[in-house]
Amino acid sequence: MGRHKKFDRDQAVDWVMNELWRVGYEACSVKYISEKLGITRSSFYNAFESREVLFFEVLHRYFSLSPDRKLSQCTAEKRPLVLLCKVFKEICRVRANDPEHRGCLAVNSIAELVGVNEVLGPPLEAAIEQSISRFEDILNYSISQGELSPDHDTRSLALAVQNLLIGINTLSKVIQSEAQLWASTEVTLRALGIFRE
């Protein structure tokens, strides 16, 4: 009797992440994932517990690789708006260089699942709220560093910056030019009064 090929869980999670990113959550049924990974449905549940638990694991992995993760280090910077602009430039580069033009897994999932899926929608909403709060913290910190004047409404600015991030991630599915993505991003950052070099 031959030995079964060893199941590499990390590779499987990476594959599922890329597949969810490519086709979305609803297209990735347990049956579909199990067949593609070459495992049984019971092996799927033993390895991942449920499709929802696997989705959150995938999302966590995605966030750890996402180009905007560097913004969590922003309070260590003397010029946080410079870092913010560099991160947005990097996002434009990464999105333009994705040969599949998938945009952002989180943004795609929000569009697909918020308001539709009662289990996955609320945590995705919370992730956006957390991102907005992170932008607001960065903007408040930039005021404390003298990089931004104190008369700015940082909550409104944070909402606008989040909107810009969602827009880039969606636009990059159609516009694959890094130069064009960055040009549109720079115009918005300048209009918001937060562009710094």
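No value in this document is a laboratory result; all are computed from the given coordinates. Just so it is clear, the structure is predicted and the values come from calculations on it, not from any experiment. Every residue, glycine as well, gets a Cβ built from its backbone with ideal geometry; the counts of neighbours run over all protein chains shown.
Cβ under 14 Å from R41's Cβ, R41 left aside: what net charge do those residues give with Lys, Arg +1 and Asp, Glu -1? Local net charge: +1. Lys/Arg Cβ at +1, Asp/Glu Cβ at -1, dipole of segment 9-60 taken about the Cα centre: which of F48, S34, V23 is farthest positive-ward? After comparing all options, I get S34.
The order of the peptides 173-179, 159-165 by mean Cβ neighbours within 10 Å, most packed first, is 159-165, 173-179. Stokes-Einstein diffusion for the chain at 20 °C, viscosity 1.002 mPa s, with a Kirkwood radius from C-alpha pairs, works out to 117 µm²/s. List, in the order given, every pair from K36/K89; K70/K173; K31/K173 whose Cα-Cα distance in the structure shown is over 32 Å. Correct reply: K36/K89. Across the options P80, P150, N140, the greatest Cα extent toward the positive end of the charge dipole of segment 43-197 (unit charges at beta carbon of Lys, Arg, Asp, Glu) belongs to P80. Counting charges near R134 (Lys, Arg +1; Asp, Glu -1) among other residues having Cβ under 14 Å from its Cβ returns a value of -2.
Could you tell me which of rounded, prolate or oblate describes segment 88-197, using a ≥ b ≥ c as the square roots of the eigenvalues of the alpha-carbon gyration tensor, with rounded for a/c under 1.5 and, failing that, prolate when a/b is larger than b/c and oblate otherwise? The shape class here is oblate.
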